[in-house]
Amino acid sequence: MISLPTVFVEGYSTGVDTGQNKKTARLHMTRELAAIPAVLFSNKHAIDPATHTHTRKRTPPPHRTARRAARDPPPSPPYKISANPRVRRTGSPPAAAPPPPPAMANGGGGAGNGEARKAGAGASVLVTGGAGYIGTHTVLRLLEKGYAVAVVDNFHNSVPEALDRVRLIAGPALSARLVFIPGDLKSKDDMEKVFAAKRYDAVIHFAGLKAVGESVAHPQMYYENNVAGTMNLYAAMTKYGCNKIVFSSSATVYGQPEKTPCVEDSKLSALNPYGTTKLVLENYFRQVQAADPELRVILLRYFNPIGAHRSGDIGEDPRGIPNNLLPYIQQVAVGRRPELNVYGDDYPTRDGTAIRDYIHVVDLADGHIAALEKLFATPDIGCVAYNLGTGCGTTVLEVVKAFEEASGKKIPIKICPRRPGDCTEVYASTEKAKKELGWSARFGIEDMCRDQWNWARKNPYGYSGDADEKN
Ligand SMILES: O=c1ccn([C@@H]2O[C@H](COP(=O)(O)OP(=O)(O)O[C@H]3O[C@H](CO)[C@@H](O)[C@H](O)[C@H]3O)[C@@H](O)[C@H]2O)c(=O)[nH]1
């Protein structure tokens with residue numbers, strides 16, 4: 001007997017959402033909850049016996065020894081993930097999960113499609129904030145790689161339609177391995193219910209707020225969402241024996257970099273409350289991991305994610321006036337804004353505009369897969385940070401030119417004073433990720449602009465398509 005959906009209704013919270021968001025989320029929640037049992041029952045693989053057992057086990061092991069036992073079943077003999085000799089063995093098997101489909105569909109790129117299964121493949125992954133921009137692209141890649149995925153999201157800065165699009169791209173077979181759970185990380189109750197209902201082998205943690213200006217105006221909101229929310233998540237993870245997490249950090253932790261490229265062991269600092277929450281959470285994970293050596297943590301420091309899945313069906317859909325460069329350019333290109341403000345042309349760079357390391361969101365999604373595989377394959381990894389960038393710096397005017405070429409649209413610009421808090425130049429050292437994760441970016445700025453334009457062209461007003469709601 002499976003009793004999944006109702007528990008999430010009771011604990012559902014929209015947190016800081018507007019009334020409209022609450023309405024949308026609730027409407028969708030009803031739709032999702034109606035859909036969940038159908039999905040679960042229509043596919044006998046969607047719930048596995050181990051999961052079911054765990055669902056009924058409401059009282060977690062109270063002390064550390066029991067917790068360890070719950071996390072890591074007996075290590076001997078070594079668990080063999082695949083018959084393929086290239087696949088590493090670890091002492092901790094991934095929990096039983098629906099078998100991955102034999103073929104991968106609609107790949108976001110070439111990396112790994114059809115390749116041998118890696119450590120952790122087929123495992124069950126909880127993705128917080130999986131309906132967001134980077135979240136949707138990563139969820140799609142996880143499905144394509146054969147993982148079973150549960151998304152928990154409160155739609156604060158995303159919409160249900162985004163997950164519907166992921167399902168559309170993934171196709172019915174892969175989508176049967178995707179479950180949505182309405183929930184808010186600020187609610188301890190929600191987190192408790194998420195983990196009590198099912199065993200997860202790992203978590204990819206995207207959920208959080210990310211607008212610099214908003215964080216200056218509402219620091220309390222940022223600490224509550226990002227810091228307290230993560231603490232609730234980790235408390236539930238540890239209680240239910242989930243010991244692997246990939247955390248969305250940011251290049252913002254390099255503050256005003258003293259030198260470029262930014263290497264992972266550079267001095268860290270924060271320039272605003274948003275950046276501080278990322279810094280605090282990096283330290284938090286280092287400290288909780290030091291106290292709990294079985295915890296495996298990878299901190300991924302994103303540089304500037306742009307672009308979209310090549311289908312043009314998922315992409316970035318910011319609420320209100322975009323803060324970031326590419327969403328703004330895209331809105332100029334489709335006629336929603338008259339011109340782009342270029343913040344500063346007096347930087348000491350080749351054309352006077354600031355330099356950033358733009359990375360294709362599909363490359364970023366692949367970076368998460370690489371990080372996850374690393375976590376599954378490395379029991380003693382501890383807590384490690386990796387940059388996810390291309391290692392190439394591009395100026396604002398170079399981005400504008402690349403976008404104009406990709407779209408065939410003229411982007412009118414207006415030179416404005418520098419934006420407070422912006423730095424001259426930020427780009428990544430990519431050596432560590434390449435060496436230790438076996439990951440490096442494959443796409444260049446032309447690819448990123450092409451895919452961004454394809455998304456914009458197909459969805460000029462984002463997922464809702466509603467011009468009135470948007471401007
Ligand atoms: O309308 C605009 C928007 C941006 N810019 C410039 O474009 C560059 C990139 O800006 P933006 O896209 O806002 O990215 P960043 O300020 O580099 O910050 C992003 O990248 C950081 C990591 O490096 C993350 O921490 C932040 O959350 C994320 O917003 C900067 O020089 C901006 O001044 C403009 O000229 N006009």
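Going toward the positive end of the dipole of the stretch 124-458, with +1 on Lys and Arg Cβ and -1 on Asp and Glu Cβ, which of Ala148, Pro318, Ala170 do you reach last? Working it through, the farthest residue towards the positive pole turns out to be Ala170. Leaving ligands, DNA and RNA out of it, report the carbon-plus-sulfur percent of the accessible area of the stretch 124-458 at a 1.4 Å probe. Carbon and sulfur together cover 53 percent of it.
Between their Cα atoms, which of Lys244/Lys458; Lys118/Lys188; Lys278/Lys435; Lys409/Lys432 are more than 31 Å away from each other?
Numbers: Lys244/Lys458 37 Å; Lys118/Lys188 33 Å; Lys278/Lys435 25 Å; Lys409/Lys432 38 Å.
Violating the 31 Å Cα-Cα cut-off are Lys244/Lys458; Lys118/Lys188; Lys409/Lys432.
Within the stretch 397-456, the trypsin sites (Lys or Arg not before Pro) that combine a DSSP coil assignment with at most 10 other C-beta atoms in a 10 angstrom radius are Lys410. When every Cα-Cα distance of the stretch 172-230 is counted in 5 angstrom steps from zero, the calculated P(r) takes the values 4, 15, 21, 22, 14, 12, 8, 4, 1 percent. Taking the Cα centre of the stretch 124-458 as origin and assigning +1 to Lys and Arg Cβ atoms and -1 to Asp and Glu Cβ atoms, the resulting dipole is close to 380 debye. Quick check: Cα centre of the stretch 378-413 to Cα centre of the stretch 321-348, how many Å? Value for the Cα centre distance between the two parts: 15 Å.
Among all the aspartates and glutamates, which ones have a C-alpha under 12 Å from Lys267's C-alpha, if same-chain residues fewer than 8 places away are not counted? By straight Cα distance, Lys267 reaches Glu258. Distance between the 7 Å Cα→Cβ label points at Asn283 and Arg419: 2.7 nm. For the stretch 124-458, the pair-distance distribution built from all alpha carbon pairs, in bins 20 Å wide starting at 0, is 32, 61, 8 percent. The residue list Ser269, Asn304, Pro412 was ranked by how far each Cα lies along the charge dipole of the stretch 124-458 toward its positive end, using unit charges on Cβ atoms, and Pro412 comes out on top. Counting only aspartates and glutamates at least 8 places from Lys414 when in the same chain, those with an alpha carbon closer than 13 Å to its own are Glu339, Asp345. Accessible area per residue for the stretch 398-450, computed on protein heavy atoms with a 1.4 Å probe, is 57 Å².
Before I look further, what does the stretch 266-379 give for accessible area per residue, probe 1.4 Å, in whole square angstrom?
Values: 3600 Å² over 114 residues.
Heavy-atom SASA per residue in the stretch 266-379 reads 32 Å².
The values are calculated or read from the model by the stated rules, or taken from the named source; none is laboratory data. Everything numeric in this text was worked out from a predicted model, so none of it was measured. Note: ideal-geometry Cβ built from the backbone for every residue, glycine included; neighbour counts use all protein chains shown. Ligands, DNA and RNA are excluded from the accessible area calculation, which covers all protein heavy atoms including side chains. Shrake-Rupley method; radii C 1.70, N 1.55, O 1.52, S 1.80 Å.
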